[in-house]
Amino acid sequence: MVKRIIVVLLFLIIACVFINMAPKYDLVYKFKNGDLRVVYNDEELTRETSKLPQVAVLLNGEVMLSQDTVDILFDKDLFYEEKYETLITTCNNHRADIEVDSRTMLVDGEERAIKVPALKTTYDYSNDDRYKDKTDVKEVIYLPIKELQDVYNIDVEFKDIIVITDRTKERRRYSVGYDEVIELKATTDENAKTIEKIEAGKTFEVFNLNDDKEFVKIRSNTGEIGYAKVQDFANMQYFDMAEEEWKPEYLTENIRLAWDYINPDSNGIGNKSSRRKIDELDIVSPTILFLQNTDGEVSYKIKTAEEYMTWAKSTGYDVWVVFKNESNSIKETSEFLNDMNHRNTAIKELISFAHRYDVKGINIDFENMYKEDAKVFSQFIRELAVQTRRNGLVLSVDVNVPDGSDTWSLCYEHKALSEAADYIAVMTYDEFGASSKTPGPNAAYNWVETNIDKLVNREKLEPSKVLLGIAFYSRLWTNNSGKYVSNSINMDKAKSYISKASWDEDARQYYYEDSGKKNMLWSEDKTSINEKLKLIDKYKLGGFACWRLGFESDDVWEAFSE
């Protein structure tokens, strides 16, 4: 009996030790008698005025912002990897991985100890008087925002009010003189309530100074926001405050690129090494790198890479190497994209290849993807972009035109990709592709312009980031037992049809058909390409990208030099 009592006591002692070792969290939603107040620059985001009732909490005295709040304020691309319960930010040339309930986080690949971990909890609307008609419970993740100040380029202070400042925001800091007082008013009215008196030695900040107005909004050093008369501080000493935003220095204008197809089975580049430099081209993008498996490993032929890089350097080209998923099924591509560890593996191998062979850029050509994977593909590009920029590499992404099928076009978030990458190469060809049952042009002018207009004016892509896709091939359509099939032909072969062709003004191509329309062709040649190149100036695009070297006729380069 005594032994049993001793065992039970030992068990209880051990249990108490483990309980005391476990982290204890003091979660505070409210401060003093009111809601926890949050100010961002010169706007208040307290729970009373925000559409988000779960803006911030204090966790063991540390400031925590909700994922939704961070998303709205300064990181709309904050990504939650549910499989690993990890939030990933790719902001301001930094990447941070914040795992829920972990006392460490990764910042630019380095592990950092943090005081309090990210917290997943719930917000019960039924306990909030302002939401009497709501009874649902929302899952909320809070981030230790002070640990991410350098990532987001912000300053976070807590002095009864949580005060967050964007370091890049233009503003002035004024210092109140020894015989002066600034009255902070609730409104732009002299008789309005005085919120605070800012006395000698104290400071305040002005974010949007307009000398033409009698009153201007200011923020005191305690975080209170109100209005003061401009004349009361017009002669005070001040200094301007704002950090410059980081911008890449390696980008150029007028991108002139052509993709160079390298058979993945080739071991070496063969007679390609004898080609001369084309004056109208600066960049070649060889199809050398391939997604090997769902784990994110990258495959390539060493001999092919070495021979190609040697030729490109000696010829005078910059190289943006292509990374493709063409040997993978749509399911395999999805498995790769939906695991951050697999994405990380690919990113590390891509950067390693770039350093090993001294390439200038990486071009991502992922096609045939699930529509549901559009978001995670954008995340992959954001994660890769952090590393390419930190390593001085240009990142470009190939996309199909908008409004197509789920796996051909709707699998891309065109706007998000353009914001993440340095350039977006739009494959404005295959209007009537190999799978089409109806004959039609490969890249009619009116179709190309319509899609460029959609991207620039509807989707609001930055025009200087858009590269116009140019096709060096045509499709010869043949009526085979009542069904049309097409074969790609190069420019030299297409020339043999042009002498018998008529001009199609809408397509701005020469159109050929024989008796009974047994054979039909809309030709890509110097004339048709010259017409499409005018779209670069019309829409102020960043340049062009041609598919592919070896399909062009010698005279086509005259169109690029005009």
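Taking only C-alpha pairs under 8 Å that are 6+ residues apart, what is the relative contact order of the range 171-241 in percent? Mind showing how you got there, number by number?
Details: 153 pairs, mean separation 26.9, N = 71.
Computed value for the range 171-241: 38 percent relative contact order.
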Completion exercise
Whole-Hz Karplus couplings 3J(HN,Hα) for the range 141-157, θ = phi - 60° and coefficients 6.51, -1.76, 1.60, Gly and Pro as x, run 10, 10, 10, x, 5, 5, 6, 10, 4, 6, 5, 8, 6, 10, 10, 10, 10
Fill in the blank from the handout: Length gained, Thr478-Ser126, 0.36 nm per residue minus C-alpha separation, equals 119.9 nm
Practice task
Would you give the gap between the C-alpha center of the range 512-551 and the C-alpha center of the range 51-114, rounded to a whole Å?
Solution key: 48
Completion exercise
Expressed in nanometres to one decimal, the distance between label points 7 Å along Cα→Cβ at Arg112 and Lys303 is 4.8
Handout entry: Crossing angle, helix 374-390 versus the chain [Cα axis fit, 0-90 degrees, rounded to tens]
Key = 80
Exercise for the section: Find how many whole Å separate the alpha carbon centroid of the range 137-192 from the alpha carbon centroid of the range 457-506. Expected result: 57
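Suppose every Lys and Arg Cβ carries +1 and every Asp and Glu Cβ carries -1, with no other charges. What dipole size does the chain come out with about its Cα centre, to the nearest 20 debye? Each step should come with its number before you reach the end.
Numbers: 74 positive and 100 negative charges, 240 e Å.
That gives a dipole near 1160 debye.
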Exercise for the section: Provide the packing ranking of 229-239, 409-419, i.e. peptides ordered by the mean count of other C-beta atoms within 10 Å per residue, highest first. Expected result: 409-419, 229-239
Problem - For peptides 111-123, 147-159, sequence by mean Cβ density within 10 Å, most packed first - result: 147-159, 111-123
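Would you calculate the volume per residue, in Å³, of the smallest convex hull containing every Cα atom of the range 391-455? Could you put the intermediate results ahead of the total?
Details: hull volume 6.6 nm³, N = 65.
Enclosed volume per residue, from the Cα hull, is 102 Å³.
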Completion exercise
Under 5 Å from the placed amide H of Glu297, counting only residues 5+ away or on other chains, we find Gln292
Handout entry: Enclosed volume per residue, in Å³, of the convex hull spanned by Cα atoms of the range 271-391
Key = 111
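Taking N as the number of residues in the range 227-279, what value does Rg over Cα atoms divided by 2.2 N^0.38 Å take? Write out the running numbers ahead of the final one.
Working: Rg = 28.5 Å, N = 53, 2.2 N^0.38 = 9.9 Å.
Its radius of gyration relative to the 2.2 N^0.38 Å reference: 2.86.
If you take every residue apart from Asp295 with its C-beta less than 11 Å away from the C-beta of Asp295, what net charge results, scoring Lys and Arg +1 and Asp and Glu -1?
On the way: positive: Arg343; negative: Glu297, Glu332, Glu335, Asp339, Glu349.
That works out to -4.
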Exercise for the section: Kindly express, to the nearest 10 degrees and within the range 0 to 90, the angle between helix 302-315's C-alpha long axis and the longest C-alpha principal axis of the chain. Expected result: 80
Fill in the blank from the handout: If one compares the long axis through the Cα atoms of helix 526-539 with the longest principal axis of the Cα atoms of the chain, the angle in degrees, nearest 10, works out at 20
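Average projected area of the Cα convex hull of the chain, in nm²? Could you put the intermediate results ahead of the total?
Working: hull surface 162.7 nm².
Averaged projected hull area, Cα only: 40.7 nm².
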Fill in the blank from the handout: The set of residues whose placed amide H lies less than 5 Å from the amide H of Cys546, leaving out same-chain residues fewer than 5 positions away, is Leu257, Ala258, Trp259, Ile470
Exercise for the section: In whole Hz, with x marking every Gly and Pro, tabulate ³J(HN,Hα) for the range 354-369 from phi via Karplus 6.51 cos²θ - 1.76 cosθ + 1.60, θ = phi - 60°. Expected result: 4, 6, 4, 10, 6, 7, 8, x, 10, 10, 9, 10, 9, 10, 6, 10
Practice task
Report, in whole Å, the centroid distance computed from the Cα atoms of the range 376-393 and the range 309-371.
Solution key: 11
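Quick note: the coordinates plus some simple rules give every number you see, no bench work behind them. Note that the structure is predicted; figures quoted are calculated from it, not measured. Ideal geometry is used to build each Cβ from the backbone, glycine not excepted, and the neighbour counts take in all protein chains shown.
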